[in-house]
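The values are calculated or read from the model by the stated rules, or taken from the named source; none is laboratory data. Since the model is a prediction, treat every value here as computed from it, not as a measurement. Counting neighbours? That spans all protein chains shown, and the Cβs are built from the backbone with ideal geometry, glycine included.
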Amino acid sequence: MFGLGMQELVIILVIILVLFGAKRLPELASGMGKAIKNFKKASNEPDEIDVTPKKSVEADTATEVKKEAAGEDKTKGA
């Protein structure tokens, strides 16, 4: 396990305990567990596919023609 023996792991745990305190240690552990779980879930799920229909050029042109016919002008609207 990364070449760490029992003594090194105990020293690391003592340092973490001193830095964060006994009350925050369970919170940190649960936060790490949730982060790992979410990462694994996200990496296993397939990418979402965008199925929203795209606007067609014909629909945009028809809208512009209708506006011009109604007397609206894009340059005067600003």
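Summary of computed values
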read-out	value
Extreme residue, modelled with the lowest pLDDT, among residues of region 22-61 that are in a helix (DSSP H, G or I) and among the polar types (S, T, N, Q)	THR61
Residue match in region 1-8 (condition: at pLDDT below 90 and either in contact with a Leu (Cβ under 8 Å, 6 or more places away or on another chain) or surrounded by 10 or more Cβ atoms within 10 Å (Cβ to Cβ) (or both))	yes
